[in-house]
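A.B. asks: Quick one: structure below, then a few questions.
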Amino acid sequence: MQSFLKKTVYAGLTLFALGSLAAVNTTTANAKKHVTTKRVAKKVKKGKHTKKQTKVTVTYYKVHFAENAAYAKSNGVVSIMNKPGKLGNAKVVANKTTMRRLAKSKLPENVFHVYGMAKTNTGLYYAHVVTLGGKYRGWIYVGKNDFQYNLDNITKNTGISATKTLRYGANPSNVNVKILDKLWTYPKFSRYNARVVSHKKASYINDDFVVESAVYNTRGWLYYYVQDAKKKSVNGWIYSGSTTARNAKKDTKKTSKKNPAKTSTDNKQTQSNPTTTKPTPSTYNLVFKYNGNFVSTKIVNLSDLSVNGTPVVTPDSIAKFIPSNYQITTDANAINTDGPIVNGGTAIINLNAVPATRLTIAIKQKDTGSLLTPSSDLVTTLNEAGQDLLNQKLVLNGQSINADAVKSILTNRNLLSIDQSKLSTSGAGSLQFVGVDTTAVDASNPTVTLYYK
């Protein structure tokens, strides 16, 4: 039964793709016809009746992005309005001249946070944006693609393009520091919700801290994430220029007075058991992350990274080490090295999950777990919903499906409620959508299971 649905869905997706192509051709033809009609209309004598334009209406949507994937840069070609531009009486908030200036700016406060989406009944999409500095807020045209779950879906060369506010940097040679200013939850102007930490500055300003990671903002300023050496609840981000290195050796001497002197046996043990964190000669560390979260670390030989006798870290040289179901991001922050590619060095590689290119949709009854067989017309609608999921890259190999994204698509396809006559169930009335299986998607057989009750 499931096999039947799988085959039907695949066939339906193919037909849907062909249907889309036909629709594009038809639209193009109609567009040409419209231009011709418009020219003729100019010659019509005054007083002749012309067709009324369709009234523009707008539907508003919430957006769902990863915390580090909700930001965009101006492309400098479209103005920001106080409402979606096709609505009547829309006013300019930031004109094209201002948007061109913002496009060239490297100031972090001029990056946009995207926090809403609007779609007109004519198929145009607008993004609700605000600069991280808070100066400009409004709606901007972004093309004809749904970007509710992924800013990369925004049509190219429209109002904005997805960007990253931070890129990885190298830790200082001495990670033991004193701080001279207050801590932040994120580097200032790197997140819409960046703020000073809740702890009072006076309670930690004289403490010793350890640098755990480092990032650069869009302006190239280096920030450190620091952890209080004694108070585990005190940590945050600080500009590197507001830190000073502290002498860790002095701290060691102070504590060594309280400890018994080491014997010759202790020294021998220390020499014969080096710490595991010390890098092995001729190796290099590849640290893979997805959405800022750790995925895995690969320790490779420098010779494995060699190109024409020189070790390099490029998408090609590390391709064979990338974890399955992932691919390197295409932005400028994809690969971040801590300096020359030498023994013991480290590179942080940012990954994206690989989107599924095919899909099986299964419907199950929530209470019994029984697989339900849809009617032929329902299969067609499910095919369209499946194509929506694939087009918006919402089914990612090795990742859990986003239940809210699925529900949104089912809503658009009127699939939240299904009459039992269209399913292999007995009884009158309808079954209601109650959830989706959030098990990680199997790349060998990508399946989205919908539960109805």
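A.B. asks: Any idea how far apart Val434 and Ser233 come out in nm if each label point goes 7 Å out from Cα toward Cβ?
C.D. replies: 4.1 nm
A.B. asks: Taking the inverse of the average 1/r across all pairs of different Cα atoms in segment 102-187, what Kirkwood radius in Å do you get?
C.D. replies: Hydrodynamic radius (Kirkwood, Cα pairs) of segment 102-187 is 15.4 Å.
A.B. asks: Turning to a different aspect of this structure: Taking other Cβ within 10 Å of each residue's Cβ, how do Val129, Val234 sort, fewest first?
C.D. replies: Starting with the residue having the fewest Cβ neighbours, the order is Val234, Val129.
A.B. asks: Provide the net charge surrounding Asp304, with neighbours chosen by a C-beta distance below 15 Å and charges set as Lys +1, Arg +1, Asp -1, Glu -1.
C.D. replies: Net charge in that neighbourhood comes out at +1.
A.B. asks: Can you tell me the FRET efficiency between Thr244 and Val63 if r is taken as the Cβ-Cβ distance and R0 is 35 Å, rounded to the nearest 0.05? Please list the in-between numbers first.
C.D. replies: Working: r = 41 Å, r/R0 = 1.18.
Step by step, r from the Cβ atoms, then E = 0.25.
A.B. asks: State, to one decimal in nm², a quarter of the convex hull surface area for the C-alpha atoms of segment 168-255, i.e. the direction-averaged projected area.
C.D. replies: Its Cα hull, projected and averaged over all orientations, spans 5.9 nm².
A.B. asks: Let me ask something else. Can you flag which of Lys73/Lys182; Lys320/Lys393; Lys119/Lys393 are past 22 Å Cα-Cα?
C.D. replies: Over 22 Å Cα-Cα: Lys73/Lys182; Lys320/Lys393.
A.B. asks: Please list 3J(HN,Hα) in residue order for segment 444-449, calculated via the Karplus relation 6.51 cos²θ - 1.76 cosθ + 1.60 where θ = phi - 60°; whole Hz, with x for glycine and proline.
C.D. replies: Working through the residues one at a time gives 6, 8, x, 9, 10, 9 Hz.
A.B. asks: Give me the net charge for the shell around Thr243: Cβ to Cβ below 10 angstrom, other residues only, Lys and Arg +1, Asp and Glu -1.
C.D. replies: So the surrounding residues net to +1.
A.B. asks: Using 0.36 nm per residue, how much length does the chain from Asp419 to Glu109 gain when fully extended, once their Cα-Cα distance is taken away?
C.D. replies: 106.5 nm
A.B. asks: Something else now. Give me the Kirkwood hydrodynamic radius of segment 314-453 in Å, from all C-alpha pairs, to one decimal place?
C.D. replies: Values: mean 1/r = 0.0577 Å⁻¹.
Result for segment 314-453, one decimal place: 17.3 Å.
A.B. asks: Next question, about the same structure. What aspartates and glutamates does Lys366 reach when the alpha-carbon gap must be under 13 Å and sequence neighbours fewer than 8 apart in one chain are set aside?
C.D. replies: Filter leaves Asp437.
A.B. asks: How much FRET efficiency would the formula 1/(1 + (r/R0)^6) give for Val342 and Asp208, where r is the Cβ-Cβ distance and R0 is 35 Å, rounded to 0.05?
C.D. replies: Here the calculated transfer efficiency is 0.70.
A.B. asks: Moving on to the next point. Filter the trypsin sites (Lys or Arg not before Pro) in segment 385-440 to those in DSSP coil with at most 10 other Cβ atoms within 10 Å of their Cβ, and list the result.
C.D. replies: Passing both the DSSP loop test and the Cβ count: no residue.
A.B. asks: Still on this structure, please answer the following. If the limit is 18 Å between Cα atoms, which of Lys62/Lys135; Lys164/Lys201; Lys55/Lys86 go over it?
C.D. replies: Lys62/Lys135; Lys164/Lys201
A.B. asks: Continuing with this model, one more query. Sort Val226, Val197 so the one with the fewest other Cβ atoms within 10 Å of its own Cβ comes first.
C.D. replies: Listing Val226, Val197 from fewest to most nearby Cβ atoms yields Val197, Val226.
A.B. asks: For segment 58-164, what D do you get in µm² per second when you plug the Kirkwood radius from alpha-carbon pairs into Stokes-Einstein at 20 °C and 1.002 mPa s?
C.D. replies: Translational D for this selection: 160 µm²/s.
A.B. asks: Once you charge only the Cβ atoms, +1 for Lys and Arg and -1 for Asp and Glu, what is the size of the charge dipole of segment 58-164 about its Cα centre, to the nearest 20 debye?
C.D. replies: 400 debye
A.B. asks: Let me ask you something else. May I ask you to list the aspartates and glutamates whose Cα is less than 13 Å away from that of Lys422, ignoring any residue fewer than eight positions away on the same chain?
C.D. replies: Asp377
Read-outs throughout are calculated quantities, based only on the coordinates presented, and are distinct from any laboratory measurement. Since the structure is predicted, the reported quantities are computational estimates derived from the model, not experimental observations. Using ideal geometry, Cβ is built from the backbone for each residue, glycine included, and neighbour counts are taken over all protein chains shown.
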